Amino acid sequence: MKNQDNKKKRFFQRWWFWVLVAVVIFSVGASFGGSSSDESKTAGQSEKRVDGTNAFTKEHKPENDVPKEYESALKSAKTYSSFMHMSKMGIHDQLTSEYGGKFTEEAANYALENLDADYNKNALSKAKTYQDDMAMSPEAIHDQLTSEYGEKFTPEEADYAIAHLPK
């Protein structure tokens with residue numbers, strides 16, 4: 001009899017489903033309820049990286065009068081720089097694109113002004129990817145890095161990347 005009851009029960013009627021739902025809700029709530037390292041900093045403190053350098057060259061000061069859109073644009077810009085290793089122009093275009101962030105020009109400009117990005121390092125990361133994964137020549141990599149249809153790095157940033165590629 002018990003086996004027939006279990007066969008008739010739908011997945012959402014089983015005890016394990018509700019335990020799973022509770023765990024997911026608790027996990028999501030904890031991630032939204034906690035404060036991030038940026039939010040918990042007091043005004044004037046700068047974040048320290050593992051290597052001891054500042055994560056921001058400018059003091060990271062939360063300002064109450066900054067519109068939420070500007071803060072969101074800055075957060076997106078940090079992601080584009082840190083994880084996707086994009087150029088300044090690439091980040092700007094992604095933030096303002098109708099297919100990307102759809103931020104206003106003002107929000108994008110705020111984000112770029114307050115973003116501490118090492119664009120030479122970003123260009124080098126992209127160059128290494130092109131060298132390793134696509135087996136491109138240094139000249140082709142330079143062209144891709146500076147192309148208006150490619151990565152949109154400055155010629156100086158591309159020169160730095162090419163000069164620092166592994167031989």
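Computed from the coordinates by the stated procedures, all read-outs in this text should not be read as laboratory data. Predicted model, so just to flag it, every value in this text is computed and none were measured. Cβ placement follows ideal geometry from the backbone for every residue including glycine, while neighbour counts extend to all protein chains displayed.
Some points to look at:
- Placing unit charges on the Cβ atoms of the charged side chains and taking the dipole of the stretch 68-114 about its Cα centre, the candidate lying farthest along the positive direction among Tyr99, Ser72, His85 is His85.
- Using distinct alpha-carbon pairs, which all enter the 1/r mean, Kirkwood radius of the stretch 68-114 in Å: 9.9 Å
- Global geometry of the stretch 89-129, whether rounded, prolate or oblate, following the gyration tensor of its Cα atoms and the 1.5 cut on a/c: oblate
- By other beta-carbon atoms within 10 Å, ranking Tyr160, Tyr110 with the fewest at the front produces Tyr160, Tyr110.
- Separation of the alpha carbons by more than 21 angstrom is noted, of Lys68/Lys152; Lys102/Lys152; Lys121/Lys167; Lys88/Lys167; Lys126/Lys152; Lys78/Lys102, for Lys68/Lys152; Lys88/Lys167.
- Volume per residue that the Cα convex hull of the stretch 119-163 spans, once the total is divided by residue count, Å³: 55 Å³
- Taking His164, His85 and counting other C-beta atoms within 10 Å, the order from fewest to most: His164, His85
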